[in-house]
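K.L.:
Can you keep this structure in mind? I'll have questions shortly.
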Amino acid sequence: MSLLTQSLWVLLLGSLLGLELIGKVPPTLHTPLMSGANAISGITVLASLTLIQQAGDNTALLVIGALSLGFALYNVIGGFLVTDRMLAMFRRKGDSR
Amino acid sequence: MTFSMDAFAAAIDLAAVLLLALGIKGLSKVSSARGANALAALAMGLAVVGLLIEIRPDPIAWLWIAAGSAAGGLAGLATARRVPMTAMPETVALFNGCGGMASLLVAMGVALFDTGEADIVALVSIAVSVFVGAITFSGSIVAMAKLQGWLDTPGWTQSRLRHGVNISLAVLCLVSAVLLPGDPSGLPLWLLMGGSTLLGIGVTLPIGGADMPVVISLLNSYSGVAAAAAGFVVGSQLLIVAGAMVGAAGLILTQVMCTAMNRSLVSVLFGGALGASAGAVGGGGSEAGYTRITSCSAEECAMALEQAERVVFVPGYGLAVAQAQHSLRELAKLLEGHGVEVSYAIHPVAGRMPGHMNVLLAEADVPYEQLLEMDLVNPEFPRTDVVIVLGANDVVNPQAKNDPTSPLYGMPVLEVDQARQVFVVKRSLGAGYAGINNALFEMPQTAMVFGDAKAVLNGLLSELRSMGVGKTKVAA
């Protein structure tokens with residue numbers, strides 16, 4: 001199987017998995033779920049890292065790679081932390097802080 | 001040695017995908033959500049470690065990795081810590097735009113400085129990645145600016161001409177993408193980038209602020225697609241699977257948001273701003289439209305509360321604006337201490353995005369079981385003594401049920417008109433998002449308490465305290 005075919009299979013199966021994962025979401029969680037899913041889409045960090053590695057000693061490419069890594073990590077770190085901040089506040093009656 | 005390290009990296013990748021999937025799944029249940037978020041973060045960390053083991057960056061690369069990580073990581077940390085909960089919609093939009101920017105930059109970098117075999121697959125992926133990345137970026141930034149109030153919905157964007165402009169931009173993008181393989185680093189690339197950026201703006205700008213959450217959710221799905229495309233560009237299977245997963249899950253989430261807001265995706269994207277079109281059709285919405293308004297003081301309202309056995313609060317956008325969640329919680333506590341049964345009726349779109357009001361009340365320490373969803377609370381209104389509507393308008397408009405000519409007709413609403421007594425706390429008689437009058441305000445059981453939500457709530461608190469409520473625990 002060529003790399004392309006393999007990648008397309010991965011794309012297909014990944015999409016199907018994503019469609020299945022989110023079923024019935026209680027309204028309470030709409031906002032945190034959106035922000036959590038958003039953090040995960042910062043997975044582009046992987047591409048940024050690969051780009052920096054492939055850049056060799058091409059400074060312009062290194063700069064683009066580092067910029068892209070910065071943007072992606074801003075999405076990831078900010079997204080996960082802010083989601084955690086929201087979810088940490090949900091508590092039942094009588095739960096202690 | 002090399003083989004075992006690669007096998008190790010592959011095992012880490014697999015574990016990362018599994019944890020990521022479990023994380024997304026767990027995020028849709030209240031009890032598991034926080035752990036699931038941490039799990040997804042762990043998965044992301046694992047994926048990064050796995051990749052670093054696989055590619056073994058040289059010292060120069062490490063330096064740039066450190067620089068990029070420090071800048072992005074610290075900025076993310078600072079934003080996440082400092083941002084107020086009321087500003088959540090625009091924060092998610094900003095984060096999302098940055099994710100799109102990252103995919104755009106990767107694709108631009110690969111296209112401009114051909115780092116290896118630029119075969120047709122890579123070029124198609126680059127085109128997709130630039131296109132989706134740029135739309136995600138510019139669209140998210142426009143969404144953020146609108147939510148922040150930096151941008152209005154300009155009137156000219158409501159004309160049908162906008163569809164022509166957007167279609168032209170889309171055609172420009174398509175042509176550039178087709179021309180891209182002939183000249184990977186030349187004019188087509190820049191045209192594609194410019195065209196997609198403008199298209200992102202052109203599509204987002206005409207959409208009204210009330211529909212922004214749907215747009216952000218959709219753009220979030222796009223940024224997953226952009227990540228998957230970037231995965232094809234750099235040849236990373238992990239990126240492809242994770243991007244596809246987020247893209248598809250984002251699509252479902254967008255559908256969930258649309259259902260919650262009683263809007264269809266097509267009408268959100270192409271229908272223009274809700275307020276603008278309703279204003280053009282109905283023409284109502286000025287203060288002069290009301291004739292039978294009863295207004296009352298905080299004292300009268302406090303007396304009604306003191307007598308009540310069952311009270312329901314209906315918090316809305318105005319409550320969030322006035323930052324009055326904590327005062328509301330205090331009032332609820334005082335009434336509970338007095339033996340009153342208190343709950344909160346949460347409309348699916350209360351706040352500024354679906355589920356936002358739940359977050360805001362959670363911040364004020366309201367237990368989430370007291371927040372009743374619309375379907376649960378509507379049958380309860382007939383046996384409710386006092387309803388207090390705080391800064392909500394369209395979501396309590398009975399015309400949505402009774403008046404087929406109303407632009408709101410068919411929208412699910414909280415049936416507060418069934419309650420014995422209704423107090424509406426509002427700054428003025430201004431119209432809501434939909435720009436139409438609210439029949440609730442003129443009903444005989446309704447009284448308006450004019451003022452800022454926080455000031456009114458604090459007024460109620462002091463009135464109740466001066467009546468002696470809360471000093472002695474009354475066994476009702």
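K.L.:
Identify all residues within region B:80-119 that are more than 7 Å from chain A (Cβ to nearest Cβ), under 22 Å from B:Trp190 (Cβ atoms) and within 27 Å of the chain's Cα centre (by Cα); write none if there are none.
P.N.:
B:Gly97, B:Gly100, B:Leu104, listed by residue number.
K.L.:
How many of the residues making up region B:407-437 are modelled with pLDDT of 85 or more, of a type in the set (S, T, N, Q) and not in a helix (DSSP H, G or I)? Explain how you work it out, then say what you get.
P.N.:
Taking region B:407-437 first, the residues modelled with pLDDT of 85 or more are B:413-426.
Pick out the ones that are also of a type in the set (S, T, N, Q) and you get B:418, B:421.
Subset that is not in a helix (DSSP H, G or I): B:421.
Residues in region B:407-437 being modelled with pLDDT of 85 or more, of a type in the set (S, T, N, Q) and not in a helix (DSSP H, G or I): 1 in total.
K.L.:
When the residues of region B:54-98 are filtered to those that are assigned to a helix (DSSP H, G or I) and among the basic types (Lys, Arg), which remaining residue is nearest to A:Leu49 (Cα to Cα)?
P.N.:
As a first pass, look at region B:54-98 and keep what is assigned to a helix (DSSP H, G or I): B:54-55, B:59-82, B:85-98.
Right, trim to among the basic types (Lys, Arg) and you get B:81-82.
Details: B:Arg81: 26, B:Arg82: 28 Å.
Result: B:Arg81.
K.L.:
Hey, another quick one. If B:Ile436 meets every condition in (1) within 22 Å of B:Gln307 (Cβ to Cβ); (2) crowded, with 19+ Cβ neighbours inside 10 Å apart from one, which number is that one?
P.N.:
Status for B:Ile436: all satisfied but (1).
K.L.:
With respect to B:Ala61, determine if the residue is within 7 Å of chain A (Cβ to nearest Cβ) and surrounded by fewer than 22 Cβ atoms within 10 Å (Cβ to Cβ).
P.N.:
No: the conditions fail for B:Ala61.
K.L.:
Hey, B:Gly272 hits all of (1) modelled with pLDDT under 90; (2) away from every other protein chain (no Cβ under 14 Å); (3) in a helix (DSSP H, G or I) but one; which does it fall short on?
P.N.:
With (1) modelled with pLDDT under 90; (2) away from every other protein chain (no Cβ under 14 Å); (3) in a helix (DSSP H, G or I) applied to B:Gly272, the lone miss is (3).
K.L.:
Go through the residues of region B:184-205 one by one and say whether even a single one is under 18 Å from the mean Cα position of the chain (by Cα), over 30 Å from B:Asp394 (Cα atoms) and part of a helix (DSSP H, G or I).
P.N.:
No - not one qualifying residue is present in region B:184-205.
K.L.:
Assigned by TED's automatic domain parsing to the domain that holds B:Ile436, within 19 Å of B:Val456 (Cβ to Cβ) and touching a Lys or Arg at 6+ places or on another chain (Cβ under 6 Å) - does that describe any residue in region B:362-370? Steps first, please.
P.N.:
Residues of region B:362-370 that are assigned by TED's automatic domain parsing to the domain that holds B:Ile436, as a first pass: B:362-370.
From what's left, within 19 Å of B:Val456 (Cβ to Cβ): B:364, B:366.
Checking the rest, the ones that are also touching a Lys or Arg at 6+ places or on another chain (Cβ under 6 Å) come to B:364, B:366.
Yes, region B:362-370 contains a residue that is assigned by TED's automatic domain parsing to the domain that holds B:Ile436, within 19 Å of B:Val456 (Cβ to Cβ) and touching a Lys or Arg at 6+ places or on another chain (Cβ under 6 Å).
K.L.:
Only one residue in A:Val82, A:Val45, A:Val63 is more than 7 Å from every other protein chain (Cβ to nearest Cβ) and not hydroxyl-bearing (Ser, Thr, Tyr), so which one is that?
P.N.:
Numbers: A:Val82 fails: more than 7 Å from every other protein chain (Cβ to nearest Cβ); A:Val45 fails: more than 7 Å from every other protein chain (Cβ to nearest Cβ).
The match here is A:Val63.
K.L.:
Continuing with the same structure: If you check B:Val395 against the conditions, is it hydrophobic (A, V, I, L, M, F, W, C), surrounded by 23 or more Cβ atoms within 10 Å (Cβ to Cβ), over 25 Å from B:Ser297 (Cβ atoms) and outside the structural domain of B:Gly271 (by TED's automatic domain parsing)?
P.N.:
Numbers: hydrophobic (A, V, I, L, M, F, W, C): yes; surrounded by 23 or more Cβ atoms within 10 Å (Cβ to Cβ): yes; over 25 Å from B:Ser297 (Cβ atoms): yes; outside the structural domain of B:Gly271 (by TED's automatic domain parsing): yes.
When the stated conditions are applied, B:Val395 passes them.
K.L.:
Checking B:Pro404 against (1) over 28 Å from the mean Cα position of the chain (by Cα); (2) surrounded by fewer than 20 Cβ atoms within 10 Å (Cβ to Cβ); (3) in a helix (DSSP H, G or I); (4) not charged (D, E, K, R), which test does it fail?
P.N.:
The one condition B:Pro404 does not meet is (3).
K.L.:
Out of everything in region B:197-248 that is touching a Cys at 6+ places or on another chain (Cβ under 9 Å) and free of Cβ contacts under 8 Å to residues at least 60 places away in the same chain, what residue ends up being nearest to the other protein chains (Cβ to nearest Cβ)?
P.N.:
Only one residue fits best here, namely B:Ser217.
K.L.:
A follow-up question, please. Specify the residue that is nearest to B:Leu112 (Cα to Cα); the eligible residues are those in region B:181-194 that are in contact (Cβ under 8 Å) with a residue 60 or more places away in the chain and crowded, with 20+ Cβ neighbours inside 10 Å.
P.N.:
In this case the residue turns out to be B:Leu189.
K.L.:
Can B:Leu161 be described as loosely packed, with under 15 Cβ neighbours inside 10 Å and at pLDDT 95 or above? Talk me through it step by step, then tell me what you get.
P.N.:
Details: loosely packed, with under 15 Cβ neighbours inside 10 Å: yes; at pLDDT 95 or above: no.
Answer is no for this residue.
K.L.:
Based on what the data block shows, is B:Val130 more than 8 Å from chain A (Cβ to nearest Cβ), closer than 18 Å to B:Ile240 by Cα and in contact with a Ser or Thr (Cβ under 8 Å, 6 or more places away or on another chain)? Full working, then the answer.
P.N.:
Details: more than 8 Å from chain A (Cβ to nearest Cβ): yes; closer than 18 Å to B:Ile240 by Cα: yes; in contact with a Ser or Thr (Cβ under 8 Å, 6 or more places away or on another chain): yes.
Criteria met by B:Val130.
K.L.:
Could you tell me which residue of region B:366-396 is farthest from B:Thr446 (Cα to Cα), considering only residues that are touching a helix residue (DSSP H, G or I) at 6+ places or on another chain (Cβ under 6 Å) and part of a loop (DSSP other than H, G, I, E, B)?
P.N.:
Looking at the filtered set, the residue picked out is B:Val366.
K.L.:
Give the residue, chosen from B:Val171, B:Val225, B:Val165, that is β-branched (Val, Ile, Thr) and closer than 23 Å to B:Ala102 by Cβ.
P.N.:
Numbers: B:Val171 fails: closer than 23 Å to B:Ala102 by Cβ; B:Val165 fails: closer than 23 Å to B:Ala102 by Cβ.
It is B:Val225.
K.L.:
Can you tell me which residue is farthest from A:Ala37 (Cα to Cα) among those in region B:23-32 that are facing another protein chain (nearest Cβ under 9 Å) and not β-branched (Val, Ile, Thr)?
P.N.:
Within region B:23-32, the first condition is being facing another protein chain (nearest Cβ under 9 Å), and the residues that meet it are B:23-25, B:27-30.
After this cut, where a residue has to be not β-branched (Val, Ile, Thr) as well, the list is B:23, B:25, B:27-29.
Numbers: B:Gly23: 9, B:Lys25: 10, B:Leu27: 9, B:Ser28: 11, B:Lys29: 14 Å.
In this case the residue turns out to be B:Lys29.
K.L.:
Report yes if B:Phe95 is under 30 Å from B:Pro213 (Cβ atoms) and either aromatic (Phe, Trp, Tyr) or touching a strand residue (DSSP E or B) at 6+ places or on another chain (Cβ under 6 Å) (or both), otherwise no.
P.N.:
On the way: under 30 Å from B:Pro213 (Cβ atoms): yes; either aromatic (Phe, Trp, Tyr) or touching a strand residue (DSSP E or B) at 6+ places or on another chain (Cβ under 6 Å) (or both): yes.
Considered against the rule, which asks whether it is under 30 Å from B:Pro213 (Cβ atoms) and either aromatic (Phe, Trp, Tyr) or touching a strand residue (DSSP E or B) at 6+ places or on another chain (Cβ under 6 Å) (or both), B:Phe95 comes out as yes.
K.L.:
Take the residues in region B:321-345 that are more than 17 Å from B:Val422 (Cβ to Cβ) and crowded, with 24+ Cβ neighbours inside 10 Å; name whichever of them is farthest from the other protein chains (Cβ to nearest Cβ).
P.N.:
B:Ala324
K.L.:
Looking at region A:28-44 only, could you name the residues that are buried (at least 24 other Cβ atoms within 10 Å of the Cβ) and β-branched (Val, Ile, Thr)?
P.N.:
A:Thr31, A:Ile40, A:Ile43, A:Thr44
K.L.:
Give me a count of the residues in region B:64-79 that are at the interface with chain A (Cβ under 7 Å from one of its Cβ atoms), farther than 19 Å from A:Ala47 by Cβ and either under 21 Å from the mean Cα position of the chain (by Cα) or of a type in the set (S, T, N, Q) (or both).
P.N.:
2
K.L.:
To continue, here is another question. Exactly one condition in (1) assigned to a helix (DSSP H, G or I); (2) within 7 Å of chain B (Cβ to nearest Cβ) is not met by A:Gly23; state its number.
P.N.:
(1) is the only condition that A:Gly23 fails.
The values are calculated or read from the model by the stated rules, or taken from the named source; none is laboratory data. The model shown is predicted, which means the values in this text are computed figures rather than measured ones. With ideal geometry, Cβ positions are generated from the backbone for all residues, glycine too; neighbour counts draw on all protein chains shown.
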